[in-house]
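Below is one structure; the comments refer to it alone.
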Amino acid sequence: MNSLLSEWCAYCEGKAFFDKAHFLGLLKVHSSAEELKRIFSYFPFSEELVDRAGRVLAAGEMESSLYLLPKCRVEKSQLIRLGGEWLKEQERACGVLGNLEIFELCHNAQIFFVDAQYMEGVLQQDIPHYWLFDEVGDAIRGSRIAESEQVYALFEALYGVAADYYLAWYIGRPLFKFDIDLEPYFKFWRAGGRCALTESGFLVANQEQGGQVSR
């Protein structure tokens, strides 16, 4: 029986065709150093891609979830600090995008720590968090260094790691030119954080699942 990795190699080499969604689980079942090297060997900056993917995978676990979850959560004060660093980068990205409305929201936002249940309810609403996400996503897709089917499939596979586009973009950062630093997001996610930009503030919360609180 063919493995998902062997199917990936055949796909990248033009020997087989699959729907891009076929590879959503690729990095979840093939995550060793050697397997990552093979997965990314078909793309520019493969060494950096391997390094980024390895950092993300090492920071999470999937024992009780279909997707990668951060291994630990930090204290409230540290999560607020890390969330603030990500908020500053979102503000800067809004300047790059020319979105003055969301730029002002980011610039003036107070940071509030909320519980996971409250955060879940907020994320069901139409909030600036999603308006900015849509603009960033369009900018990233529009600045990819290649438009091949394999690049599109790779980003699907990266999304499949944690069902998180920002984390997928963090891993795939060498493959697009849009000016955004996703390192603050990775550090915030690694600490167990979730966030939501609203019209009344920037909310941060611990993920409902994950490891023990780090002291």
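When segment 123-150 is filtered for residues that are over 21 Å from W86 (Cα atoms) and either in contact with a Cys (Cβ under 6 Å, 6 or more places away or on another chain) or crowded, with 17+ Cβ neighbours inside 10 Å (or both), only Q150 remains. None of D115, D51, D134, D126 is assigned by TED's automatic domain parsing to the domain that holds Y159 and not small (G, A, S) except D51. Just checking, does segment 79-94 include any residue being surrounded by 20 or more Cβ atoms within 10 Å (Cβ to Cβ), outside any helix (DSSP H, G or I) and among the aliphatic types (A, V, I, L, M)? Looking for residues that are surrounded by 20 or more Cβ atoms within 10 Å (Cβ to Cβ), outside any helix (DSSP H, G or I) and among the aliphatic types (A, V, I, L, M), one finds none in segment 79-94, hence no.
Answer with yes or no whether E147 is acidic (D, E), closer than 24 Å to Y11 by Cβ and touching a residue at least 60 places away in the same chain (Cβ under 8 Å).
Details: acidic (D, E): yes; closer than 24 Å to Y11 by Cβ: yes; touching a residue at least 60 places away in the same chain (Cβ under 8 Å): no.
No, not satisfied.
When the criteria are applied in full, S64 meets the requirement of being assigned to a loop (DSSP other than H, G, I, E, B), within 21 Å of R194 (Cβ to Cβ) and not β-branched (V, I, T). In the condition set (1) outside any helix (DSSP H, G or I); (2) modelled with pLDDT of 95 or more; (3) under 30 Å from F18 (Cα atoms), E135 is compliant with all but (1). Test D115 against the stated conditions and say whether it is surrounded by fewer than 17 Cβ atoms within 10 Å (Cβ to Cβ) and under 19 Å from K88 (Cβ atoms). So D115 fails the test.
The values are calculated or read from the model by the stated rules, or taken from the named source; none is laboratory data. All values reported here derive from a predicted model rather than from experimental measurement. Cβ coordinates were reconstructed from backbone atoms using ideal geometry, including for glycine residues, and neighbour counts include every protein chain displayed.
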